[in-house]
C-alpha cells in the first residue's frame with residue numbers, strides 16, 4: 001500500500017550517524033572538562049574519539065549509495081540553503097573531516113594529556129562538540145520540517161533524536177570500555193576505570209531520563225491533539241501497527257530497562273556514598289539495550305511517518 | 001529604578017509626535033500606492049505570469065485521456081505518473097456514486113518541495129510560477145517526495161532523480177496549453193494566467209465555487225477544482241458510508 005521512500009539505508013544512517021556523533025561529542029566534552037573523570041579522562045575521550053568517526057562514515061556511505069548515483073551527492077556542496085538536509089550535509093562533511101583528524105591525534109601509543117598534540121586535540125574538541133550535536137539534531141529537524149508527514153511534524157522529534165544520539169554515544173563508549181579497558185591487573189587503572197564507568201553511567205541515566213520525558217511529551221501531544229497528528233500517532237499508540245515495536249523495543253528495552261539497571265548501579269554511590277556496582281554482565285547489557293533501542297527508535301519513527309498520512313484531502 | 005531618569009515629556013508633545021508620525025506614514029504608503037499604479041502600464045510587457053489550472057470535475061468522465069497524453073508527451077516510465085485520475089466510489093447499493101478527481105502537481109504558491117530541496121534543484125520560476133526540477137542538480141535524495149502533501153512527485157526509475165508535472169513547460173512557453181488540457185475530451189481542464197483578470201480561468205474562478213486540495217497544509221495550490229469530492233478513505237472510520245479510492249497509480253494508495 002504505502003511504499004517506503006526512505007528505507008533501511010536511511011534508517012541505519014540516522015542511527016549510525018547519531019551514535020558516532022554522540023560518541024565524538026561525549027569524547028570532546030569529557031576531554032575538555034576539568035573534574036569528575038580524574039585520571040581516566042583521557043582514556044574515555046580516546047575511546048569515544050576512536051570509535052565515533054567509523055559509524056558516521058559507514059552511515060554516510062549507506063545514504064550516498066542509496067541515491068543510486070553516488071557522485072551526484074557532490075551537488076550538495078555547490079551551495080548551502082535553508083533546507084535542513086543542505087545544512088546537515090555541510091555539518092556532516094565538516095564533522096567527518098575533523099573527527100577523523102581528532103581521532104588521529106589519539107592514535108599514537110604515546111598520546112597523553114600533556115603531549116605535543118594536546119592543543120590541537122583540545123581545539124578540535126571545542127569545534128566537534130557543537131558540530132556533533134548539529135549532526136545529531138539535524139536528522140530530527142529534517143523529518144520534522146514537513147507538514148505532509150504529520151507524525152514527524154513536531155519540534156520535539158529533534159530533541160528526541162539528539163538525546164538518543166548522545167545516549168547511544170555514551171553506550172558505545174561504555175561498550176568499548178568493557179572490551180578494551182576493563183581488564184587490568186593494575187589496581188590504580190582498575191579504580192580509574194570504575195570511576196569513569198560510574199561517571200558515564202550517571203550521564204547516561206540522565207540522558208535516558210530526558211529521553212523518557214521527551215517520549216512522554218511526544219505521546220501526550222498525540223493524546224491531546226486531534227486531526228492528522230492524532231491519526232498518525234495511532235500507528236505507534238496501543239493497537240497501532242508499530243505499537244509492539246515502539247513500546248517493547250524503544251520504551252522497554254531501549255529506555256526503561258537500561259534506566260532501572262543504571263539506577264541500580266549508581267544510586268548506592270550517588271546517594272549513599274557506597275560502592276559503584278560493576279558487574280560485567282550489566283556493563284554489556286545496558287549499552288547493548290540502549291543501542292538496540294536507538295536503532296528501534298529511528299526505525300519506528302521513520303517507518304511510522306511514512307505509513308501514516310494526512311486524513312483529509 | 002528611580003524616576004529621575006525618566007525622559008521629560010508631556011501629553012501634548014506626545015500627541016504632536018504621534019499625529020506627525022501617522023501623517024508621514026500614511027503619506028508614504030499612499031505615495032507608494034500611487035507610484036505602483038502608475039508603474040503598471042509601463043511594466044506590462046515584463047509583467048510576470050502565474051499559471052494555474054481549474055478542473056471542472058463535473059465535466060470529467062474518468063477516461064484517463066489526460067494521463068495517457070501526459071505519458072506520451074514525456075515518455076513517462078512505466079509504473080510512475082505525472083498526471084493521474086482518481087476514482088472516489090461511495091455508498092452501499094443502491095445509494096452509490098462515483099466521482100473523478102484528476103490529479104497533477106499543484107504548482108503551489110508555497111511549495112514545500114522547494115523549501116526542503118538541499119541542492120536548489122527544484123524551484124518556482126519567477127516568470128510564470130511553474131515549479132520545476134533541474135534534473136542536472138537533483139541528487140535523488142527523495143526529500144521533496146516526502147514533503148509533497150499531494151504525492152505529486154516520484155523518483156524517475158530511468159534517470160534516478162525526482163520528477164513530476166511541469167505544466168508542459170515546453171508547450172506553454174510556445175503559447176500552447178498543456179497536453180492534458182489539449183486532450184481532455186470533456187473540456188474539464190482550463191489552463192491560464194491567474195494574474196490576468198481577463199483570462200478564462202480567472203473569470204471562472206471568480207464566478208464559481210472552487211476548492212483546492214488540502215488547504216490546511218498552507219501550500220496555497222494553483223490547481224483549483226469545481227465540484228470535486230474530497231472524501232478520503234479515512235471517512236470509513238466513521239461508518240456512515242463506504243468510501244473506496246482508486247488512484248490508478250501502481251502500488252500507490254492516496255497519501
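What to note about this one:
- C-alpha long axis of helix A:187-224 to longest principal axis of chain A, angle in °: 20 degrees
- Simple spin-label estimate for residue A:230 and residue B:63 in nanometres, 7 Å along Cα-Cβ: 4.4 nm
- Measuring nothing but alpha carbons in the protein assembly as shown and taking Rh as the Kirkwood radius, the Rg to Rh ratio lands at 1.08.
- For the stretch B:69-187, the fraction of alpha-carbon pairs in successive 10 Å shells from zero, as %: 12, 40, 32, 11, 4, 0
- Distance between the 7 Å Cα→Cβ label points at residue B:171 and residue B:87: 2.5 nm.
- In this calculation the C-beta distance from residue A:281 to residue B:159 is compared with R0 = 51 Å, giving a FRET efficiency of 0.45.
- Helical contribution to [θ] at 222 nm, DSSP H n ≥ 4, -39,500 (n - 2.57), averaged over the protein assembly as shown, rounded to 500: -16500 deg cm²/dmol
- Springs join every pair of Cα atoms under 10 Å in this Gaussian network model of chain A, and among A:163, A:107, A:175 the largest mean-square fluctuation is at A:107.
- Note on chain A: with a GNM built from Cα contacts shorter than 10 Å, the maximum mean-square fluctuation among A:128, A:270, A:212 falls on A:270.
- Against chain A, whose longest principal axis is taken from its Cα atoms, helix A:53-66 shows a tilt of about 20°.
- If both residues of a DSSP beta bridge must be in the protein assembly as shown, then about 85% of such bridges are antiparallel.
- Residues A:249, A:142, ranked from the fewest to the most other C-beta atoms within 10 Å, line up as A:249, A:142.
- Additional length obtainable on full extension of the chain from residue A:183 to residue A:264, 0.36 nm per residue less Cα span: 26.9 nm
- Nearest-ten-degree value, helix A:84-106 long axis tilted from longest Cα axis of chain A: 20 degrees
- Relative to the compact-globule estimate of 2.2 N^0.38 Å, the Cα radius of gyration of the stretch B:83-122 comes out at 1.92.
- Residue-averaged beta-carbon neighbours from other chains (10 angstrom radius) around B:143-150: 6
- For residue A:79 and residue A:126, a Förster radius of 30 Å and the Cβ-Cβ distance give a FRET efficiency of 0.65, rounded to the nearest 0.05.
- Cα coordinate range in the stretch A:211-267, projected on the principal axes (Å, largest first): 43, 20, 11
- Mean separation of Cα pairs under 8 Å and 6 or more residues apart, divided by the residue count, gives chain A a relative contact order of 24 percent.
- √(5λ) per eigenvalue of the Cα gyration tensor, the stretch A:8-307, largest first, Å: 32, 26, 14
- Centre-to-centre, using Cα atoms only, the stretch B:114-133 and the stretch A:133-184 are separated by 31 Å.
- Overall dimensions of the stretch A:1-47 by Cα: Rg and Dmax, Å: 16.9, 57
- Volume per residue of the C-alpha convex hull in the stretch B:149-255, rounded to whole Å³: 168 Å³
- For the pair residue B:220 and residue B:207, label points projected 7 Å from Cα toward Cβ lie 2.6 nm apart.
- Other protein chain Cβ atoms within 10 Å, averaged over every residue that makes up A:63-74: 4
- Mean-square fluctuations from a GNM of chain A, with a 10 angstrom spring cutoff on Cα atoms, peak among A:58, A:92, A:143 at A:58.
Bear in mind these aren't lab numbers, they're just calculated from the coordinates by the rules spelled out. In this text, all values refer to a predicted model and were calculated from it rather than measured experimentally. Cβ atoms come from the backbone with ideal geometry, glycine included; neighbour counts cover every protein chain shown.
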